[in-house]
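Asker: I'd like to ask some things about the structure below.
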Amino acid sequence: KFGIKENFYNKIDVHVHVPEGAVPKDGPSAGIAITTALVSALCKIPVNHLVGMTGEVTLRGRVLEIGGVKEKLIAAHRAGLKTIILPKENRKDLEDVPKQVIADLRFVFVSHMDEVLKVALTKRLPGFEGIKGEQLPSQNITAPAPIAAD
């Protein structure tokens with residue numbers, strides 16, 4: 001898949017270094033970023049430098065919900081990113097994010113790594129069909145109004 005030979009690991013060593021690995025985190029939220037970086041390196045296709053992403057990834061490529069969305073989006077906004085890839089399950093977390101941050105960013109909500117790669121890489125992967133028949137759900141959204149306490 002993706003033009004990568006099945007036995008690529010016979011000739012290429014892959015080392016993933018996570019600096020500050022001992023620093024406590026909210027969980028495996030760098031999963032889709034690390035997976036995207038690996039595919040990018042192996043296929044020699046750059047990642048768009050204006051795209052940020054966060055999400056856990058399963059062995060089958062499903063993208064799962066993560067924590068700390070508000071803080072991550074504020075940091076992405078400060079860093080000048082334009083598009084943010086988030087797990088579909090995290091759409092609800094945008095209600096806590098400042099309105100100006102939401103207005104300045106484009107959000108793409110995903111459920112599978114195929115969707116992530118379609119958005120994050122600067123070129124199409126060789127032999128990559130993606131998820132057939134699905135359009136990527138991307139839009140600028142407005143956070144829902146806060147629910148009044150009873």
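Asker: Considering Lys88, Lys99, which residue is at pLDDT 95 or above, under 19 Å from Val57 (Cα atoms) and either touching a Gly at 6+ places or on another chain (Cβ under 6 Å) or not hydrophobic (A, V, I, L, M, F, W, C) (or both)?
Answerer: Lys88
Asker: Next question, about the same structure. Within the set of pairs 6+ apart or on separate chains, which have a first residue in the range 62-77 that is crowded, with 20+ Cβ neighbours inside 10 Å, a second that is among the basic types (Lys, Arg) and assigned to a helix (DSSP H, G or I), and C-beta atoms under 8 Å apart?
Answerer: Final answer for the pair search is Val63/Lys88.
Asker: Could you identify the single residue in Gly80, Gly3 that is small (Gly, Ala, Ser), assigned to a loop (DSSP other than H, G, I, E, B) and touching a residue at least 60 places away in the same chain (Cβ under 8 Å)?
Answerer: Step by step, each of Gly80, Gly3 is checked, and only Gly3 is small (Gly, Ala, Ser), assigned to a loop (DSSP other than H, G, I, E, B) and touching a residue at least 60 places away in the same chain (Cβ under 8 Å).
Asker: Quick check on the range 49-61: of everything there that is under 11 Å from the mean Cα position of the chain (by Cα) and assigned to a loop (DSSP other than H, G, I, E, B), which residue is surrounded by the fewest Cβ atoms within 10 Å (Cβ to Cβ)?
Answerer: So the residue we want is Thr54.
Asker: Just name the residue that is nearest to the chain's Cα centre (by Cα) out of those in the range 88-122 that are part of a helix (DSSP H, G or I) and of a type in the set (Gly, Ala, Ser).
Answerer: Of everything passing the filter in the range 88-122, Ala120 is nearest to the chain's Cα centre (by Cα).
The values are calculated or read from the model by the stated rules, or taken from the named source; none is laboratory data. The shown structure was predicted, so the numbers you read here are calculated from the model rather than taken from an experiment. So basically every Cβ, Gly included, is an ideal-geometry build from the backbone, and we count neighbours across all protein chains shown.
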